[in-house]
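None of the figures in this text is laboratory data; all of them are computed from the coordinates on show. A quick note: this is a predicted structure, and the numbers were derived from the prediction, not measured. Reconstructed Cβ throughout: ideal geometry from the backbone, glycine too, with neighbour counts over all protein chains shown.
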Amino acid sequence: MRHRKKTVKLGRTTAHRDALLANQVCSLIEHSRIKTTLAKAKAVRPLAEKMVTLGKRGDLHARRLAAGHLGQKDAVKKLFAEIAPRAAARKGGYTRIIKLGPRQSDSAPMAFIEWVDTIVIEPAPEPEKKPAKKAPRKPAAAKSEKAPAPKKES
């Protein structure tokens, strides 16, 4: 039985899983919203919320702990400078998971995970460009007739 076994393994070794979750949290910090499978989103949520809690503490030790978990200096800077101050008034629940439909290729359930206090504006899709209409071709008879070049005899 799996009583009191909290970790979702995601079919990976411990090191691979830790790296995957750290990269997902860094992407979430950078882009404010990521699209992933529902299982990964549920596994990312606790780590992301712990990182925000460290960011709210704001001291050097918290910064070093966050850097140790995430491994990307830019993500740690953005976490402590932008995301944690926005979440200062909240006592928890910094992320939300929005379920999407199944992925078309393998029917895996997909989801968005995003920060609660951030409004994500997606760029509007660009309108498709129609090919330019070509000028009508001239009839074949209108081409100038040239005499064929004489053949060389060997």
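Can you tell me how much longer the chain between residue 33 and residue 105 gets when fully stretched, taken as 0.36 nm per residue apart minus their C-alpha distance, in nm with one decimal?
Taking residue 33 through residue 105 to full extension adds about 23.7 nm, to one decimal.
Taking R0 as 22 Å, what FRET efficiency do you get between residue 20 and residue 89 from their Cβ-Cβ distance, rounded to the nearest 0.05?
Step by step, r from the Cβ atoms, then E = 0.10.
Note down the nm distance, to one decimal, between modelled labels 7 Å out along Cα→Cβ at residue 5 and at residue 137.
Going by the 7 Å Cα→Cβ label model, 7.0 nm.
Would you mind ranking 86, 64, 137 by Cβ crowding within 10 Å, fewest neighbours first? Walk me through the numbers before you get to the answer.
On the way: 86 15, 64 12, 137 7.
Listing 86, 64, 137 from fewest to most nearby Cβ atoms yields 137, 64, 86.
Assigning unit charges at the beta carbon (Lys, Arg +1; Asp, Glu -1) and nothing else, what dipole magnitude in debye, to the nearest 20, does the chain show about its Cα centre?
So the magnitude is around 360 debye.
For segment 14-120, calculate the relative contact order in percent as a whole number, restricting contacts to Cα pairs under 8 Å that are 6 or more residues apart.
35
Return the tail of the calculated pair distribution for segment 1-72, meaning the percent of Cα-Cα pairs more than 13 Å apart.
Tail of P(r) above 13 Å: 68 percent of Cα pairs.
For segment 14-120, report the convex hull volume of the alpha-carbon atoms normalised per residue, in Å³, without decimals.
Each residue corresponds to 99 Å³ of Cα convex hull volume.
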